[in-house]
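Working notes, structure below.
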Amino acid sequence: MYLRDTIAAISTPAGEGGIGIVRVSGPDAERIAARIFRKKEGGFQSHLFYYGAIVEPETGFCLDEAMAVLMHAPRSYTREDVLELHSHGGTLVVQNVLQLALREGARLAEPGEFTRRAFLNGRIDLAQAEAVIDIIRSKTDLALEVAQSQREGSLSHRIGEMKGGLVQLLALLEAHIDFPEEDIEPASRDEISARVAGFTLEIGEMLATYGEGRILREGIAVLIAGRPNVGKSSLLNSLLREKRAIVTSIPGTTRDIIEEVVNIRGIPLRLMDTAGIRETEDLIEQEGVRLTREQIPRADLILFIVDASLPLSDEDLAIYEVIRAKPHVVLLNKSDLLEQPVASFPRDAVTCSISALTGEGLDALKDQIADMFLHGRIDDARSQVLINNSRHRDALERASIPLQRFSENYTLLGGLLELLAADLREAVNALGEITGETSTDDLLDLIFSQFCIGK
Amino acid sequence: MVVYDNTYDVIVVGAGHAGCEAALASARMGCATLLLTINLDAVALMSCNPAIGGLAKGHLVKEIDALGGEMGKNIDATGIQFRILNTRKGPAVRASRAQADKQQYRLRMKRVLENQENLHLKQGEVTGLHVEDGRVAGVDTRLQVRYLGKTVILTTGTFMRGLIHVGLTNYAGGRAGDLPSIGLSDQLRDLGFEVGRLKTGTPARLDGRTIDFCRLEPQYGDDPPVPFSFSTERIDQPQVPCHIAYTNERSHDIIRSGLDRSPLYAGVIEGIGPRYCPSIEDKVVRFPEKNRHQTFIEPEGRDTVEVYPSGLSTSLPIDVQIAFYRSIEGLERVEIMRPAYAIEYDYVDPIQLHASLETKLLRNLYHAGQINGTSGYEEAAGQGLIAGINAALQVQGREPLVLGRSEAYIGVLIDDLVTLGTREPYRMFTSRAEYRLLLREDNADLRLREKGHAVGLLPENEYVRFLEKRERIEAELARVRREKLLPSEADPVFMEEFGLVGMQNALTYEQLLRRPDITYAELSRLDSHALEVNPAVREQVEIQVKYQGYIDRQLDQVERARKMESTRIPDDFEYFGLSGLSTEVQEKLRKFRPDTLGQASRIPGITPAAISILSITLKMRGEK
Ligand SMILES: Cc1cc2nc3c(=O)[nH]c(=O)nc-3n(C[C@H](O)[C@H](O)[C@H](O)COP(=O)(O)OP(=O)(O)OC[C@H]3O[C@@H](n4cnc5c(N)ncnc54)[C@H](O)[C@@H]3O)c2cc1C
Ligand SMILES: Nc1nc2c(ncn2[C@@H]2O[C@H](COP(=O)(O)OP(=O)(O)OP(=O)(O)O)[C@@H](O)[C@H]2O)c(=O)[nH]1
Ligand SMILES: [Mg+2]
């Protein structure tokens, strides 16, 4: 539920940029435009881009030269009147423009509120709305691509096609149910069952992408763990390519958990550098160790680092025991110091020889991570429909179950068309939750256009 | 204008299939009822084919019967061939159908009306409604008589401004041989109702003596015939066959050669016809690749030579009709007794109705039957029954009876009409019912008897019989859940036959019945009691057990939809300016004025988002 008020927000990313856009949506958009945007005389025509300046109405003070466009409802993103003010980029200028719009009566939009309005006003469907919200939240380019292609309706489209196919089959069954006296050609039973099996498979494939879709959407939590001084912070820094964490040769440098997001092979990784684990008298360090231990169960992946220039210590092994049940990679760090690592690990452990200092082995590590989480399946994220939202997964699952039942019953119940039809209909309805419903009239249309029926 | 000195509780206009049920229902519920119709010799006349029932229609008849209506009993008394369709499919889509002796059907219904207490049956054409203070208060007739009534039910069928077409010739008529109803629909339009025009057609009636039946394939009814009504013990009257014939390429050429004189293709007819009852010219034009079309030659009765060739309706001129029917094998010498024709008529868009069938515009006025844009006797009768019940309930100051989509085809029918309106004649199909597996012919009594009894329509003896049946079903269900087949005592032949050899645990009879290959017939080999169970009870138990999984799933869906269905939208709810609703949606809702949130959700173009906004708004108002 939303109030029919006017909202405003900066709609370009934070930071320096060529231009910055403030977007205003709602009934006051036009009034605000007239108040704060000065241009050559005359009102605003919808969808025309005007050159002018943004001006404080009371003082006449000019904030910036700018371009503005007013889009009248319903031909706008939110289907309300929308004003876009394009000023020069730079945090301060854009902030000032926004503040001015707010002073003139707009309210600061909540995250995703423009999209929510677009949805509530019926401009986009639920799948699209969710995709747009994902775009806003996307952390990496690849996730963005998936979200974008979904917004363009590739998910809706693919599911729509599938639903269309199922409705076709349903029409066939229904014709035989409702018109037993008509001489309509019997449907090829084998063909029907083959097509249903095909759809079931397709849904199964889409469902299988869910894990990957979720990973692209939410990222994975990666914990860097190990004894003090093995190079955890150095690894963080070299993956980030910036000096984020303090690195010294003193064991116990890192006391807190440092979290940063980095894009690795398209996957957003939430990297967490931690305090090295050891018995210590230092109270602050003790607390850090406790935090590290706490994080272990929550991590999706643990990068366990040992100093490969030294033999494995009991401490290394003790930590290894704690983390080995989780997905992990053993990193034999400081490979630059020697030809052959001194430390050795059970053969089944996944190990990577790296140097956090020189960057050696990091590419292999990245490949390794991508492999573990994406099974090498997302090269072409655009062309593929990735399910990355649990509502979609639920709907697809609820479509898949009756289709499987259909196939089981097909041989068993042979003649009981209405049970088969019930299964198909349940699947169609479940898919309809993603793309919109199919009415009985659509179904009847199909029947009557295909069969010569009636007395 | 003479004002008749008797004020009725309920006045029913039209004694067609809707009007007869409406009048009987209200009279049986104790209301002083008047049934007015243009021609008393055409009461419950079957305008088109001489048959009752069929897919979804049979379901409607059983429901009418369960509620206490007359149609099922009437066809049982006058049917001359009974068949159950789809016997090889599952129970939900099995349906009863019967050929009627058309004249006997009409005469019996008239007799029932005449013998009904509280009911006056009169001949008269209603030309206008008598309206007082924005509510209907009676009707005026052609002979300038005003009948006063607390409620009025219009069931005018195909009669309002009826126009009959044969070729390019046309004349006013409500049905071949009957006068039209003139004036009423103009007044309805003046009162603000949206009145539209529809079209339907009927084949010629042929002289059976001029048909070579030996060359046609006969089709017999079921033996013994199974009755429609839950109260009919058995069918005694003799049964007759139908015959199957086919058109051929030559027939289609004849049709094509006459198209230039077809009122349909020449654009004389403006009304919209039903897709599912296409005329033969429609079929030939739309499906040119089909080289023959099937027809059932149905007897019109036992005392007449007239027969009805189903599926061959046409509005082509007489000379084309003669040549066409004679081109069919076996019909080379056929004589037409009554020509085929099309008819256009006025209907009133049913989105202007509440689910009680009362109009939203005029209080105390109800519409039922073909006037609502439906076609078919059963559809008409179902609505007539509900309108009659609700008019009576209104007079008695009680809440209307509204059947849900999960309770009855009648509920689906009325909900579709009042939420979607009609643009073409509406006929019931089982595929219109999303809860089809629950809405079976076999359980119509279990679904509706209680409601018929509650409104006061069901005779006490029928109700008691129903309660007994229901108890016996419960008892038998309990028994099959309790009794077990023990591996140690089992008959080895049976075990072998059904792949049960080596079975470890005892199986209940219920578990056995759940298997597709075991019915009561098989069960009776182990269970001596099985065959003593009453067949109707047996059938019910078997269906409930066998399809339990599916039935439970649909019940689940019903449960999930219940909240929306039961959220009422007040009559005076203002959609205008409701924040979050697009103007388009606002306008739709203002036009349709849905009674419940469930209805609103089925209106085409109403988005799920709009429904959630409505739902929240209603909730907030409710809390205030
Ligand atoms: C030519 C033709 C073809 C048809 N074809 C089909 C078909 O193919 N399939 C199908 O399912 N159905 C068909 N029907 C429709 C079927 O006959 C109707 O659906 C059904 O009879 C409707 O029942 P009803 O009670 O609404 O109206 P009707 O049975 O038409 O009865 C209306 C009654 O109201 C009376 N009446 C009307 N106006 C007034 C008035 N002003 N005052 C007093 N009395 C009035 C009439 O005299 C009549 O008795 C056809 C009908 C016709 C005429
Ligand atoms: N030669 C070499 N030195 C490294 C490498 N990685 C880290 N070091 C050095 O090892 C020392 C410790 O590195 P850090 O990254 O601070 O180690 P840490 O694991 O974060 O230590 P704590 O925060 O104390 O737990 C520093 O002097 C680094 O320069 C490497 O790959 N090669
Ligand atoms: Mg560190």
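The values are calculated or read from the model by the stated rules, or taken from the named source; none is laboratory data. In this text, all values refer to a predicted model and were calculated from it rather than measured experimentally. Heads up, the Cβs are rebuilt from the backbone with ideal geometry, glycines too, and the neighbour counts pull from every protein chain shown. In case anyone asks, the SASA skips ligands and DNA or RNA and just uses the protein heavy atoms, side chains included. Shrake-Rupley method; radii C 1.70, N 1.55, O 1.52, S 1.80 Å.
Report for the protein assembly as shown the percent antiparallel among DSSP-assigned beta bridges with both residues inside it, nearest 5.
65 percent
Taking the dipole about the Cα centre of the protein assembly as shown, with the C-beta of Lys and Arg at +1 and of Asp and Glu at -1, give me whichever of A:P74, A:L98, B:G301 is farthest to the positive side.
B:G301
Please average, across the residues of B:272-279, the number of beta carbons from any other chain that are within 10 Å of each residue's own beta carbon, and give a whole number.
Shielding by partners across B:272-279 averages 3.
Computing the accessible area with a 1.4 Å probe over protein heavy atoms, can you report the carbon and sulfur percentage for chain B?
50 percent
Compare each residue of segment B:494-523 in its chain alone against the assembly with all protein chains, and report those whose accessible area goes down by 10 Å² or more; 1.4 Å probe, heavy atoms.
B:P516
Express in nm, to one decimal, how much length is gained between A:E360 and A:I257 on full extension, taking 0.36 nm for each residue of separation and deducting their alpha carbon distance.
Value of the extension gain: 34.6 nm.
I'd like the antiparallel share, as a percent to the nearest 5, of DSSP beta bridges with both residues in segment B:205-344.
Beta bridges within segment B:205-344, antiparallel portion: roughly 100 percent.
Give the residue from A:H176, B:I611, A:P402 lying farthest towards the positive end of the charge dipole for the protein assembly as shown; charges sit on Cβ (+1 for Lys and Arg, -1 for Asp and Glu) and the dipole is referred to the Cα centre.
B:I611
Under a 1.4 angstrom probe, counting protein chains only, how are B:R205, B:R142 ranked by accessible area, largest first?
B:R142, B:R205
Could you work out the local net charge near B:V61, counting Lys and Arg as +1, Asp and Glu as -1, over the other residues with Cβ closer than 12 Å to its Cβ?
Neighbourhood net charge equals -4.
Tell me, what does the Kirkwood hydrodynamic radius of segment B:463-551 come to in angstroms if you use every pair of distinct C-alpha atoms?
Computed over Cα pairs of segment B:463-551, the Kirkwood hydrodynamic radius comes out at 13.7 Å.
Can you give me the % of accessible surface on segment A:219-379 that is carbon or sulfur? Probe 1.4 Å, all protein chains present, nothing else counted.
Carbon with sulfur: 49 percent of the solvent-accessible area.
I need to check one value: relative contact order of segment B:143-249, counting alpha carbon pairs closer than 8 Å and at least 6 residues apart, in percent.
The normalised contact order for segment B:143-249 reaches 15 percent.
I need the fraction of alpha carbon pairs in chain B separated by more than 46 Å, rounded to a whole percent.
So the pairs more than 46 Å apart make up 22 percent of the total in chain B.
Taking the Cα centre of chain B as origin, work out the dipole magnitude from +1 charges on Lys and Arg Cβ and -1 charges on Asp and Glu Cβ, in debye rounded to 20.
So the magnitude is around 920 debye.
How well do other chains shield peptide A:416-429, expressed as the mean number of their Cβ atoms within 10 Å of each residue Cβ?
5
Taking every Cα atom in segment A:151-276, find the radius of gyration and the maximum pairwise distance Dmax, and write them in Å.
Rg then Dmax for segment A:151-276, in Å: 27.5, 90.
Taking a 1.4 Å probe, which of A:I401, A:I305 shows the most accessible area, and what order do the others take after it?
The residues order as A:I401, A:I305, largest area first.
Nearest 5 is fine: what % of DSSP beta bridges in chain B come out antiparallel, could you say?
Around 70 percent antiparallel, to the nearest 5.
So what does A:D348 come to for accessible area, using a 1.4 Å probe and Å² rounded to 10?
Probe radius 1.4 Å; accessible area of A:D348 about 130 Å².
What is the ratio of the Cα radius of gyration of segment A:219-379 to 2.2 N^0.38 Å, with N the residue count, to two decimals?
It is 0.96.
For segment B:420-461, state which residues have at least 30 Å² less accessible area in the presence of all protein chains than in their chain by itself, taking the probe as 1.4 Å and leaving out ligands, DNA and RNA.
The answer is B:F429, B:S431, B:R432, B:R436, B:L437 - residues whose exposure falls by at least 30 Å² when every protein chain is included.
On full extension of the chain, what length is gained from B:E194 through B:Q219, given 0.36 nm per residue of separation minus the C-alpha to C-alpha distance?
4.5 nm
Averaged across orientations, what area in nm² does the convex hull of the alpha carbons in segment B:205-344 project?
One quarter of the hull surface, i.e. the mean projection, equals 10.2 nm².
Rounded, prolate or oblate: which one fits segment B:567-623, using the alpha carbon gyration tensor with axes a ≥ b ≥ c (rounded when a/c is under 1.5, else prolate when a/b beats b/c, else oblate)?
Rounded, since a/c falls under 1.5.
Between B:T583 and B:S528, 0.36 nm times their residue separation minus their Cα-Cα distance comes to what?
Gain in length upon complete extension: 13.0 nm.
Skip the ligands, DNA and RNA, and give the accessible area per residue of chain B with a 1.4 Å probe, whole Å².
Counting only protein heavy atoms, the per-residue value for chain B is 39 Å².
Any idea what the relative contact order of chain B is, in percent, if you count C-alpha pairs under 8 Å spaced at least 6 apart?
16 percent
Please tell me the relative contact order of segment A:198-349 in percent, rounded to the nearest whole number, where contacts are Cα pairs under 8 Å and at least six residues apart.
RCO, segment A:198-349: 24 percent.
Amide H neighbours of B:I244 under 5 Å, at least 5 residues apart or on other chains, H built in the peptide plane: list them.
The list, which skips near neighbours in sequence, is B:E217, B:Q219, B:I297.
When the Karplus curve 6.51 cos²θ - 1.76 cosθ + 1.60 is applied with θ = phi - 60°, which whole-Hz ³J(HN,Hα) does each residue of segment B:277-290 get, with x for Gly and Pro?
10, x, 6, 4, 5, 4, 4, 5, 6, 7, 10, x, 6, 7
In segment A:278-355, what is the volume of the convex hull around the alpha carbon atoms, normalised per residue and reported in Å³?
102 Å³
For A:I387, which sequence-distant residues (separation of 5 or more, or a different chain) have an amide H within less than 5 Å of its own amide H, given hydrogens modelled in the peptide plane?
Long-range HN contacts for A:I387: A:T209, A:Y210, A:G213.
Under the rule of -39500 (n - 2.57) per DSSP H run of 4 or more residues, summed and divided by the residues of chain B, what mean residue ellipticity at 222 nm is obtained, to the nearest 500 deg cm²/dmol?
Value at 222 nm, helices only: -11000 deg cm²/dmol.
Within segment B:123-148, list the residues whose amide N lies under 13 Å from a label point set 7 Å along Cα→Cβ of B:L40.
Output list for this probe position: B:123-125.
Give me the dipole magnitude in Debye, nearest 20, for segment B:330-484 about the Cα centre, with unit charges on the beta carbon: positive for Lys and Arg, negative for Asp and Glu.
Dipole size: approximately 540 debye.
Hey, with R₀ at 51 Å, roughly what FRET efficiency would B:K484 and A:V350 work out to, going by the Cβ-Cβ distance, to 0.05?
Here the calculated transfer efficiency is 0.35.
Can you give me the three principal axis dimensions of segment A:2-125 from its C-alpha atoms, in Å, biggest first?
40, 34, 23
As an exercise, use a Förster radius of 56 Å and the Cβ-Cβ distance of A:E41 and A:D371 to find the FRET efficiency, rounded to the nearest 0.05.
For R0 = 56 Å, the calculated efficiency reads 0.30.
Can you pull out the buried accessible area for chains A and B, both sides counted, probe 1.4 Å, rounded to the nearest 100 Å²?
When A and B are taken together, about 4000 Å² of accessible area is lost.
Using each residue's phi in segment B:41-52, evaluate 6.51 cos²θ - 1.76 cosθ + 1.60 at θ = phi - 60° and report the 3J(HN,Hα) Karplus result to the nearest Hz, with x for Gly and Pro.
Calculated HN-Hα couplings, in order: 8, 10, 5, 6, 6, 8, 5, 10, 7, x, 8, 10 Hz.
Of B:T374, B:L331, B:T359, which is farthest towards the positive pole of segment B:311-383's charge dipole, taken about the Cα centre with +1 and -1 on the beta-carbons of Lys, Arg and Asp, Glu respectively?
Selected residue: B:T359.
Non-local amide H neighbours of B:G174 (under 5 Å, H modeled in plane, Pro and chain starts lacking H): which ones?
The list, which skips near neighbours in sequence, is B:L179.
Could you sort A:D314, B:D527 by their accessible area in this structure, using a 1.4 Å probe and putting the largest first?
A:D314, B:D527
Kirkwood Rh, the protein assembly as shown, all Cα pairs: how many Å?
Every distinct Cα pair counted, the radius reaches 34.7 Å.
Starting with the highest mean, order B:427-435, A:176-184 by the number of other Cβ atoms within 10 Å, averaged over the residues of each peptide.
Per-residue Cβ counts within 10 Å, averaged per peptide and sorted highest first, yield B:427-435, A:176-184.
Calculate the dipole size of segment B:441-559 relative to its Cα centre from +1 charges on Lys and Arg beta carbons and -1 charges on Asp and Glu beta carbons; express the result in debye to the nearest 20.
220 debye
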